[in-house]
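Here's the structure we're looking at; comments come further down.
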Amino acid sequence: MHRKSIKGTKSNKLLGKGIVLGITGSIAAVESVKLSRELMRHGAEVYAVMSADAKKIIHPYALEFATGNPVVDEITGKIEHVYYAGDHDKRCDLILIAPATANTISKIASGIDDTPVTTVASTGFGKVSMLIVPAMHSSMYKNPIILENIEKLKKYGVQFLTPKFEENKAKLPEIDDIVRAVIKTLSNKDFQGLKVLVTAGPTIEKIDDVRFITNKSTGLMGIKIAEEFDIRGADVTLILGHTQLKSHVKTIKAETFLDMHKAVMANKDVDIAIFAAATSDFHVESSCEGKISSDKSFNINLVPNKKIIEEFSKVSKAFIVGFKAEYSLPEEELIRRAYERLQSSEMDLIIANDVGKEMRGFESITNEVYVIDKNQKIYHLPLDEKEKLSEKIVNIIKKYFNEKK
Ligand SMILES: Cc1cc2nc3c(=O)[nH]c(=O)nc-3n(C[C@H](O)[C@H](O)[C@H](O)COP(=O)(O)O)c2cc1C
């Protein structure tokens, strides 16, 4: 089978993984083309299997075109179900049924296989990881027999994604959420059992009740690092400053320096702590209630904040990684200043980046960083998307964390 080339590669997290995408007769089957393409953008090879009712909603040609692979819409003398999910080393890594109808869920729960999708599921049951993504009207989803069947399958280790409840429907979740669940299911859980704290985003310092001082950080770099640890099995707590960005990992919002300080100190019992937040260096000495009148000028006195990481390192046994943002510096100076901070703050690693350069640092989806250790060994991670950088950063952290253990 040829591999379909695809533009817009996002990661290699599913590279080498074979995914059977079971599509059943829900109107959400129209999303299966997009879902296939997104899985492929992370490196997966996708093989579509369709029920007869799925074919009434979307034509197999669309899936053949999207995946670059023939679509199985009947089980023939080639015994496709055994090829995909039987007991041999070429079988697929995951059976993903998305969308899954009430009918298909109940058939799998009862051990019935009379469609290509249920036959592949029946063959791989208990041996191949299975992720089911239900989609149906709420009235169907609330049927106690369907709910019982879902619970029954969960007991056998089948994973389910919770639908998006909207307009009286139990809809297919967002494609990104399905892809993330697939990546998590198939990832190497090398941080399983470890607790990780990540701070991200800017804090705000109030001038009055409507104005504040902040910085240009969006929190994206820290969020991507938190999500990478989450995918790899860690129990992650993300402390997120003042940003519109959100994450699916367990998040504590911390708007001000004081909020951030309090949240970090309350989470000192972790194995690894990454300080990626752009916490304000100053707070306003005395902020005012209400709205300061614009009739006359006024002065703001800024008082330096404590360094949260320094206080944290005194009370926590965590492996500590800090970030140091500088503005338009020569490379050696950027590294020298970061190393100085690493020494003064008792960190294990520090990550330096120059936010004065284009496409790096704040408000950018890309970054270029230098990871520096206590012996001044430097890892230069060239300009790349923050999502891809986060994987490399976490790999470096893993090496040092394991050595320190
Ligand atoms: C337009 C249309 C949309 C449908 N949407 C859903 C749905 O979202 N979820 C569901 O469980 N059944 C839905 N059905 C009903 C299923 O297609 C029907 O139960 C069928 O037997 C499912 O067969 P399958 O599970 O083998 O694909 C829909 C039917 C039609 C015609």
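Rounded to the nearest Hz, the phi-derived 3J(HN,Hα) couplings of the range 344-357 under the Karplus curve 6.51 cos²θ - 1.76 cosθ + 1.60 (θ = phi - 60°) are 6, 9, 6, 8, 8, 9, 10, 10, 9, 9, 9, 7, x, 8, where x marks glycine and proline.
With both partners inside the chain, how many of the DSSP beta bridges are antiparallel, as a percent to the nearest 5? Let's see the in-between values first.
Values: 20 of 62 bridges.
Bridges in the chain that DSSP calls antiparallel: roughly 30 percent.
In this structure, the residue pairs whose Cα-Cα separation is over 25 Å, taken from LYS152/LYS224; LYS246/LYS392; LYS155/LYS405; LYS164/LYS189; LYS13/LYS374; LYS17/LYS404, are LYS152/LYS224; LYS155/LYS405; LYS164/LYS189; LYS13/LYS374; LYS17/LYS404.
Any idea what the alpha-carbon Rg over 2.2 N^0.38 Å comes to for the range 195-404?
On the way: Rg = 17.2 Å, N = 210, 2.2 N^0.38 = 16.8 Å.
Computed over Cα atoms of the range 195-404, the ratio equals 1.02.
Could you pull out the chymotrypsin sites (Phe, Trp or Tyr not before Pro) across the range 275-306 that fall in loop regions by DSSP (anything but H, G, I, E, B) with no more than 12 other Cβ atoms inside 10 Å?
Here the chymotrypsin sites (Phe, Trp or Tyr not before Pro) that fit, given the DSSP loop and packing criteria, are PHE298.
Taking 1 over the mean of 1/r across every pair of different Cα atoms in the range 18-186, what Kirkwood radius in Å do you get? Hydrodynamic radius (Kirkwood, Cα pairs) of the range 18-186 is 15.6 Å.
Across the chain, the relative contact order, built from alpha-carbon pairs under 8 Å that are at least six residues apart, equals 10 percent. In the chain the Cα-Cα distances spread across 10 Å bins starting at 0 as 5, 20, 25, 20, 17, 10, 3, 1, 0 percent of all pairs. The trypsin sites (Lys or Arg not before Pro) of the range 33-86 meeting both criteria, a DSSP state outside H, G, I, E and B (loop) and at most 11 other C-beta atoms within 10 angstrom of the site's C-beta, are LYS78.
Just so you know, all these numbers are worked out from the coordinates, no wet-lab data involved. Since the model is a prediction, treat every value here as computed from it, not as a measurement. Using ideal geometry, Cβ is built from the backbone for each residue, glycine included, and neighbour counts are taken over all protein chains shown.
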